[in-house]
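To start, the structure itself, in structure tokens.
The values are calculated or read from the model by the stated rules, or taken from the named source; none is laboratory data. All figures in this text were calculated on a predicted structure; none of them were measured in a lab. FYI the Cβ positions are ideal-geometry reconstructions off the backbone, even for glycines, and counts take in every protein chain you see. Side chains are part of the model used for accessible areas, which takes the heavy atoms of the whole protein and leaves out ligands, DNA and RNA. Shrake-Rupley method; radii C 1.70, N 1.55, O 1.52, S 1.80 Å.
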Amino acid sequence: RRFRWLTDLLYMGENYHADLGFEQRIENFDVVLDTTIRLGYNFIYNEFGYQIFPKNGNSRLNYTEIGGEIFTVLNPNGSLNEMSNQVGVTMNFKNTSQFAFGVSPNWANVPVSFKFDDEDDLEKCPALPAGHYQYMTAGMEWNSDYRKRFFLFASAEAGGFYNGQQYSANVAVTWRIRAIANVRLGAEFSLLDFPAPYCDVELFNLTPRVEVFFAKNLWWTTFLQYNTQADNFNVNSRLQWRFRPMSDFFLVYTDNYAVKFW
């Protein structure tokens, strides 16, 4: 009841090609050399937590959990490619609200030059060099009582990011129209602050979502997303009919648009 542990192991060869979707870690694009290097990897993920229950029955807390994550990626020869760890505390309240905070030390041995801005002129905005990076971030998140008609989610993170700094904030509000619909509007902003001569980057992501319920077995969900990193507007709308238990029929429309609002 108090302790949990999850371990996930994965081996991925460099000649693996996804028939559906993509495997982004295999293909590593070198900005300076303008070429892609294929690298396999070994993935090890561990997640653990220990829950402390209050002795006072009148406490507002349901439980407090002290936990962490150990995310490790190894190259085929066993050398370290990336390690991202997290240690934090989560307070879960009886009214279903939750507050969490933690710190995350990160190590990365990046095999190629890379960049986050969309400037093609490498003299104006140079690429970050391949090599070893070590940095630490800290963050917190909170969600209100999700049993209410309106409930909120907010998070913030700040700290190092490769050879620079990162500041990000995420906020979402959900309106539950009981038995009819759920409407959610989310927005995320990130500032990547790099030292000269590298260029700073501002990223904005807007994610509305609407769910409409026609019956217990028939509903319509629409996701919208706009992000400034790719200047892309995405629509994904699906009608779902559950005609028998564990059996669903989907009618899906999806489209992408290249747009730039600012």
### Message
Which condition from (1) of a type outside the set (Asp, Glu); (2) outside any loop (DSSP other than H, G, I, E, B); (3) open to solvent by 60 Å² or more (accessible area, probe 1.4 Å); (4) free of Cβ contacts under 8 Å to residues at least 24 places away in the same chain is the one that TRP107 breaks?
### Response
(4)
### Task
Please indicate, with yes or no, whether at least one residue in region 224-238 is part of a strand (DSSP E or B) and over 19 Å from GLY186 (Cα atoms).
yes
### Which numbered condition ASP118 misses (of (1) in contact with a Pro (Cβ under 9 Å, 6 or more places away or on another chain); (2) open to solvent by 60 Å² or more (accessible area, probe 1.4 Å); (3) touching a residue at least 24 places away in the same chain (Cβ under 8 Å))
(1)
### Task
With a cut-off of at least 2 residues that are under 18 Å from GLY131 (Cα atoms), name the strands (runs of 3 or more DSSP E) lying wholly within region 1-90.
27-30, 35-38, 61-74
### Message
Looking only at region 239-262, count every residue that is in a strand (DSSP E or B) and closer than 30 Å to PHE189 by Cα and tell me the total.
### Response
7
### Query
What are the residue pairs meeting all of these: first residue in region 54-65, first residue loosely packed, with under 13 Cβ neighbours inside 10 Å, second residue assigned to a strand (DSSP E or B), Cβ atoms under 7 Å, and 6 or more apart or on different chains?
ARG60/PHE93
